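Right, one structure below, let's go through it.
The values are calculated or read from the model by the stated rules, or taken from the named source; none is laboratory data. A quick note: this is a predicted structure, and the numbers were derived from the prediction, not measured. Virtual Cβ from ideal backbone geometry, glycine too; neighbours counted across all protein chains shown.
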Amino acid sequence: MNKKSILLTEFSRKRDGLRMQVYADNAATTKLSETALKAMMPYLTDTFGNASSLYRIGQEAHQGVKAARATVASVLNAAPEEIFFTSGGSEADNWAIKGVAEMMAKKGKKHIITSAFEHHAVLHTVQKLEKQGFEVTYLPVYENGIVHVDDVRDAIRPDTALVTIMYANNEIGTIQPISEIGALCHEKGVLFHTDAVQAVGHVPIDVKAQRIDMLSMSAHKFHGPKGIGALYCRKGLRFPNLIEGGAQESGRRAGTEAVYAMVGMAAALQEANDHLAENAEKLTKLRDRLIDGLLQVEACRLNGDRKQRLPGNVNVSFEGVEGESLLLYLDAEGISASSGSACTSGSLDPSHVLLAIGLPHEVAHGSLRLTLCESNTEEDVDYIVKCVPGIIKRLRDMSPLWERIQKERG
Ligand SMILES: *Cc1c(COP(=O)(O)O)cnc(C)c1O
């Protein structure tokens, strides 16, 4: 390399280092917290024993698992023996739904109630059960992205095996009336599961007061490590296992304990819970500032209820814009965002969530999800608000769709 090219490389490295970098895709995954990493390290190094072994390093690992379970339980107002670690949110959803379905089918109950905009871990699971002879009711979520409790009441039948409604939507952040649905299901004697992956560590949850029978969570959505989650399962409720093998997790979920991950999950959850109100207040302010800034752009709409939503979630649609191109331009400005759920990018179908709240296909295509966490700043938000209008203008200038919209409007 000659002197000049070395200089150029140095320059671009410096420029890259100085350029704003804004991570605004916290609904896809979050950065591991320092606290969680510190808590995990001993279990990745010296305390490597198998938690089921009787010698000292095994027992030390076992103590780590025990403490982690107790922490997760206490945050949700559950008992430690009601917490079962899994590989993540998807496994917890699959286990709860398939397990209850298998158990209830034996009693002749083969009807499941869910919503139209669940995460694919729930949606694809109930669709599979449909193929196996279950009947599934998909409740509407209306324009604001919230399930009506009366619709749940009307849908419950004598053969209803399970109600599974997510706590907060992963794309538009809307929070569902979980306490009311829990009370209703309890009154009707129907089991109630909630996919709370987006809610745990972000909003206060009390499984007992909210009458939740089963709840899914995932550590990487609250600054814990990836590949670990848990299912809360109310005491006395037992259904078939998803993973068979050893006697771990009280014989209900086999596999050598990922002690470091369990410990990291508990540390991250404790930390999130210790700052819950303070983080929510800060995030709500940032969120509203971002929403107000983006709504200044012509033909831009907010998706999902403005108030009843997660503190860090912003989801907007820009008419006449292709979401995927928008993401690429934002990335070039150092902004990481999403056009829907991480799982749907790569496919050309618009998100089922945006269709469920009634967006036309072409509007759904121009959607942008920005999800903030407590380490984002006002400067980040203002930077996004500064970058977006120019990108939208550039994209619309070359969009035949936008031209058509303009003509139609005269
Ligand atoms: C991320 C997510 C999941 C899947 O969790 P994993 O731990 O990634 O398997 C399930 N449901 C919702 C609502 C999510 O946001």
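Structural remarks
- Note on segment 305-327: among residues that are surrounded by fewer than 17 Cβ atoms within 10 Å (Cβ to Cβ) and modelled with pLDDT of 95 or more, the one that is nearest to residue 370 (Cα to Cα) is 306.
- Of the residues making up segment 352-399, those that are hydroxyl-bearing (Ser, Thr, Tyr), under 30 Å from residue 276 (Cα atoms) and in a loop (DSSP other than H, G, I, E, B) are 375, 377.
- Residue that is surrounded by the fewest Cβ atoms within 10 Å (Cβ to Cβ) [pool: residues in segment 366-410 that are more than 23 Å from residue 354 (Cα to Cα) and among the small types (Gly, Ala, Ser)]: 410
- Search result, residues across segment 48-59 that are in contact with an Asp or Glu (Cβ under 9 Å, 6 or more places away or on another chain), under 15 Å from residue 261 (Cα atoms) and not polar (S, T, N, Q): 49, 51
- Within segment 118-139, residues that are over 13 Å from residue 97 (Cα atoms) and without any contact (Cβ under 8 Å) to a residue 40 or more places away in the chain sit with their Cβ atoms under 8 Å from residues that are part of a helix (DSSP H, G or I) and away from the ligand (no atom under 16 Å from the Cβ), at 6+ positions apart or across chains, in these pairs: 137/155; 139/151; 139/152; 139/155.
- Some residue of segment 318-328 being β-branched (Val, Ile, Thr) and not in a loop (DSSP other than H, G, I, E, B): no
- Pairs are defined by a Cβ separation below 7 Å, a sequence spacing of at least 6 or placement on different chains, a first member in segment 235-260 that is without any contact (Cβ under 8 Å) to a residue 12 or more places away in the chain, and a second member that is of a type outside the set (Phe, Trp, Tyr) and in a loop (DSSP other than H, G, I, E, B); the pairs so defined are 244/254; 245/254; 245/255.
- Residues that are within 14 Å of the ligand (Cβ to nearest atom), over 14 Å from residue 93 (Cβ atoms) and not aliphatic (A, V, I, L, M), drawn from segment 189-236: 201, 202, 220, 222, 223, 224, 225, 226, 227
- Segments classed as helices (runs of 4 or more DSSP H), wholly inside segment 107-204, with at least 1 members that are over 18 Å from residue 229 (Cβ atoms), basic (Lys, Arg) and under 25 Å from the mean Cα position of the chain (by Cα): 120-131
- No other residue among 67, 36, 73 is within 16 Å of the ligand (Cβ to nearest atom), part of a helix (DSSP H, G or I) and among the small types (Gly, Ala, Ser) apart from 36.
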